[in-house]
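The values are calculated or read from the model by the stated rules, or taken from the named source; none is laboratory data. It should be emphasised that the depicted structure is a prediction, and the values quoted were computed from it without experimental measurement. FYI the Cβ positions are ideal-geometry reconstructions off the backbone, even for glycines, and counts take in every protein chain you see.
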Amino acid sequence: MFSTAFLDLPALQGASGTVTLPGSKSISNRVLLLSALCQGTTVVHDLLDSDDTRVMLAALRQLGCDVLVDGTTVTITGLGGCAWPREAIEFFMGNAGTAMRPLTAALAVQGGDFTLKGVPRMHERPIGDLVDALRELGCTIDYLGNEGYPPLRVRQPTLQLDKPIPVRGDVSSQFLTALLMALPLAAQDRAITIEVVGELISKPYIEITLNLLARYGIAVERQGWERFVIPAGSRYQSPGTIHVEADASSASYFIALGAIAAGDPSKGSQGKGIRIQGVGADSIQGDIRFMDAAAQMGAQITSGPNWLEINRGAWPLKGITLDCNHIPDAAMTLAVMALYADGPTTLRNIASWRVKETDRIAAMANESRKLGAIVEEGPDWITIHPLPAGQWQRASIHTYDDHRVAMCFSLAAFNPDQIPVRIEDPKCVAKTFPDYFEALFSVAHTAAANIPVICIDGPTASGKGTLASRVAAQLGYHYLDSGALYRVTAHAALQAGLTLEAADEAKIADLARQLPVRFEGEQVLLNNVDVTDAIRSEQGGMNASKVSVLPAVREALVALQHSFRRLPGLLADGRDMGTVIFPNAALKVFLTASAAKRAERRHKQLISKGFSANIESLRADLEARDARDMSRSASPLQPAQDALQLDNSSLSIEDSVAQVLDWWQGKSR
Ligand SMILES: Nc1ncnc2c1ncn2[C@@H]1O[C@H](COP(=O)(O)OP(=O)(O)OP(=O)(O)O)[C@@H](O)[C@H]1O
Ligand SMILES: Nc1ccn([C@@H]2O[C@H](COP(=O)(O)O)[C@@H](O)[C@H]2O)c(=O)n1
């Protein structure tokens, strides 16, 4: 997951390949609660690991459920038949609506002393219609802040279940879902009827609820979309094992991607289309109908059991007018597809967007306008006009702590003007798809020249590695420690019984060309063996310096170094990053510090790692290494002509990082 303040998406040119999607949030949280309410143990496979499911799991543990998490498989022993906790419990629900609503209902029907709180936005999301319905059936619920909104306190109910229970259906279908999941707890000896007031929105989500209730032994009788009867004698039963389908709303971004992005001609037939694993056209999730809307706009879609394949069809896409009541979440993706259409697109019946993680109509309108689009909006509709080539503007997309806004606008990086797009707070995707951007980068492609590189070259112990890795972490970029490649090459050569001299140049180059090296965090592995300590010694540095003089060895390592240039960008440190390996890098820094300072830093570094060291001999060694690096004929250590010089002798690490980020901001404007 990218936990950076922002993520700069370089201009992307196409996409092809396979993505496996995480489990559906709606199904995951329903299944978790149902498993907790029933008797017996349920093994849940392919559960989504996200903020919302973690909130639900934490709450279930607080209630006393036995929960065992093993990757995406979770084993839950339900509370059915057990005593519910009598002590007061405070639940923190974050911004997880799919946890807050059904849990409130279940707790209120079951009774106890429970407080439910969330983040500030959760306290702005209406829950009054659910509370009214629960009060109607005798639940005791108090508002602890504003009337109609969380936080809430739930006490012991006096249930009156003989009359139909009215619930509003026109604000959020989650209220009805919450009642449908809670009321079987009280239907042992009588049937319970729920009556929907107003036109029910988001019906497909109710279908998911009914479908899952059936899996847990509750056969709800649906009378149109107005009345739902939970039969007398209903009792939750564990299905034993259940698989969570991949999220159909998450699929929408990759369906749209297949419709928008050209393939990769360099890969022939392999370079065409996007294949989505984990959900197919026969999904129980209503949002799967997004595929019909995408097809109407031009996408070519085929499907099989648990998979979809999407290719670009009509191009530009076709503008459409659509009632989106049946696909409220996925419909946001249509708003970004609309930018690539041949005419305006109007999405209607989307009032629920206004009360989601943020006011999504306003968010989609504001951020599309930043890109240059003309957008009109009303209380429950939005019209987006296409954004022709030549009119796209550089934008920093605000994401409003809303995962869907972030994922939608990532698709703007395929714009015809090849303008990069900044996504603020990319970690908000954790709500449903923590590795969304990684998945996007695994199928997106662009010219290497579009992938930004920042080079940091300089003499030994000037702080290149420290600076480069910290800047990389701030930007979410990959990091290449090219010195480590020379160190590993020297290590491998010595292991193979070679000398580090010109006599063995060809053999060392052969080793370097196929170096089985892997980086895992701070660890360096050669042939799966951890060689970190061996190569990081001063002797390791000297050995690297010897092999690095050999031109054939340098040449042999070029392709490996280039392979680090991957989306979304690269920080490369070494001696010739800016002069030879990435001569077109957008920013080159030549980092120096006085020899005395560098010897002092290296001394501190070695002592802190438990090595003994002498500052004078360290200084002599590093000066000898610098002299060799600067005087060799192949790619000597020298600043690139267009490098910015940074002497950090009297700068802190933080100051150096801030300086480079400042230069980078200047370049990215
Ligand atoms: N600006 C700075 N101020 C103080 N200490 C620093 C600064 N930059 C780096 N250091 C410290 O100096 C030591 C050497 O830094 P680092 O290993 O990053 O250098 P390097 O240039 O990558 O070295 P080499 O080329 O030998 O790999 C580290 O302990 C690091 O914490
Ligand atoms: N691009 C590079 C990087 C390193 N070298 C040589 O490797 C030695 C070790 O590098 P460190 O950055 O890990 O200290 C270094 O002294 C250079 O001789 C290189 O030539 N080119």
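When you check D8 against the structure, is it in contact with a His (Cβ under 6 Å, 6 or more places away or on another chain) and touching a residue at least 24 places away in the same chain (Cβ under 8 Å), yes or no? In short, no.
Looking only at the stretch 426-480, residues that are buried (at least 20 other Cβ atoms within 10 Å of the Cβ), within 16 Å of ligand 2 (Cβ to nearest atom) and not in a helix (DSSP H, G or I) come to 12 in all. Residues in the stretch 571-586 that are among the small types (G, A, S) and more than 15 Å from ligand 1 (Cβ to nearest atom) were compared, and the one that is farthest from L498 (Cα to Cα) is A586.
Considering only residues in the stretch 647-669 that are in contact with a helix residue (DSSP H, G or I) (Cβ under 7 Å, 6 or more places away or on another chain) and part of a helix (DSSP H, G or I), the one that is surrounded by the fewest Cβ atoms within 10 Å (Cβ to Cβ) turns out to be I653.
When the test is whether a residue is free of Cβ contacts under 8 Å to residues at least 12 places away in the same chain and not in a loop (DSSP other than H, G, I, E, B), V44 does not pass it. Screening P568 with (1) over 22 Å from V553 (Cβ atoms); (2) more than 10 Å from ligand 1 (Cβ to nearest atom); (3) surrounded by fewer than 20 Cβ atoms within 10 Å (Cβ to Cβ); (4) touching a residue at least 24 places away in the same chain (Cβ under 8 Å) gives one miss only, at (3). Among the residues making up the stretch 346-372, those that are touching a strand residue (DSSP E or B) at 6+ places or on another chain (Cβ under 6 Å) and not in a helix (DSSP H, G or I) are T346, L347, R348, N349. Within the stretch 553-569, is even one residue among the charged types (D, E, K, R), away from ligand 2 (no atom under 11 Å from the Cβ), in contact with a strand residue (DSSP E or B) (Cβ under 7 Å, 6 or more places away or on another chain) and under 22 Å from V471 (Cα atoms)? Scanning the stretch 553-569 turns up at least one residue that is among the charged types (D, E, K, R), away from ligand 2 (no atom under 11 Å from the Cβ), in contact with a strand residue (DSSP E or B) (Cβ under 7 Å, 6 or more places away or on another chain) and under 22 Å from V471 (Cα atoms). Cβ separations smaller than 8 Å between residues 6+ apart or across chains give the following pairs from the stretch 526-548 residues that are farther than 16 Å from I508 by Cα and touching a residue at least 24 places away in the same chain (Cβ under 8 Å) to residues that are within 12 Å of ligand 2 (Cβ to nearest atom) and of a type in the set (S, T, Y): G541/T460. Residues in the stretch 255-283 that are modelled with pLDDT under 90 and surrounded by 18 or more Cβ atoms within 10 Å (Cβ to Cβ): G263, D264, K272. Count of the stretch 197-219 residues, restricted to those that are at pLDDT 95 or above and not in a helix (DSSP H, G or I), is 4.
Checked against the criterion of being within 12 Å of ligand 1 (Cβ to nearest atom), acidic (D, E) and touching a helix residue (DSSP H, G or I) at 6+ places or on another chain (Cβ under 7 Å), the stretch 608-628 has at least one qualifying residue. What do you reckon, is S617 within 23 Å of E538 (Cβ to Cβ), assigned to a helix (DSSP H, G or I) and polar (S, T, N, Q)? In short, yes.
Pairs are defined by a Cβ separation below 7 Å, a sequence spacing of at least 6 or placement on different chains, a first member in the stretch 145-167 that is assigned by TED's automatic domain parsing to the domain that holds V355 and closer than 25 Å to V119 by Cβ, and a second member that is hydroxyl-bearing (S, T, Y) and assigned to a loop (DSSP other than H, G, I, E, B); no pair meets this definition.
Residues considered: S368, S352. Of these, the only one that is modelled with pLDDT of 95 or more and either in the same structural domain as L47 (by TED's automatic domain parsing) or under 30 Å from S26 (Cα atoms) (or both) is S368. Within the stretch 592-629, being under 27 Å from E501 (Cα atoms) and hydroxyl-bearing (S, T, Y) holds for one residue alone: S617.
For the stretch 459-475, the condition holds for at least one residue, the condition being that it is farther than 30 Å from P10 by Cβ and of a type outside the set (S, T, Y). The residue that is nearest to ligand 2 (Cβ to nearest atom), among those in the stretch 617-646 that are surrounded by 15 or more Cβ atoms within 10 Å (Cβ to Cβ) and of a type in the set (S, T, N, Q), is S635. In the stretch 468-492, the residue that is farthest from ligand 1 (Cβ to nearest atom) out of those that are aliphatic (A, V, I, L, M) and in contact (Cβ under 8 Å) with a residue 60 or more places away in the chain is L475.
Candidates are the residues of the stretch 591-614 that are among the aliphatic types (A, V, I, L, M) and away from ligand 2 (no atom under 15 Å from the Cβ); the one that is nearest to Q539 (Cα to Cα) is A613. Output the residue which, of all residues in the stretch 220-254 that are touching a helix residue (DSSP H, G or I) at 6+ places or on another chain (Cβ under 8 Å), surrounded by fewer than 24 Cβ atoms within 10 Å (Cβ to Cβ) and of a type in the set (A, V, I, L, M, F, W, C), is farthest from L179 (Cα to Cα). So the residue we want is I242.
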